[in-house]
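Before any comments, here is the structure.
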């Protein structure tokens, strides 16, 4: 914690001056009116990613049978 107070690397190797330069560039490129829309879209994307990571995935690992289904005698399985 003391390292951050001394001015070392904050996140992703970017310090406060670098983050401020990026913010100014984003303001120049998109304008102040688009920033709320960009923030909303980014927030939704992050929430969707977190939800996708937290949900358990269900994978059917049972082997497919070459035998026809006894419930449907007229159809062949693929």
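Coordinate-derived values only; no laboratory data. Since we're looking at a predicted model, the values are computed, not measured. As a convention, Cβ positions derive from the backbone with ideal geometry for all residues, glycine included, and neighbour counts pool all protein chains shown.
Available extension along the chain between residue 35 and residue 65 is 5.4 nm, counting 0.36 nm per residue and deducting the alpha carbon span. Sorting 40-48, 57-65 by their mean Cβ neighbour count within 10 Å, with the most densely packed peptide first, gives 40-48, 57-65.
So if each residue of separation counts as 0.36 nm, and I subtract the Cα-Cα distance between residue 44 and residue 25, what length gain in nm does that give? Let's see the in-between values first.
Numbers: separation 19, 0.36 × 19 = 6.84 nm, distance 2.26 nm.
Roughly 4.6 nm would be gained on extension.
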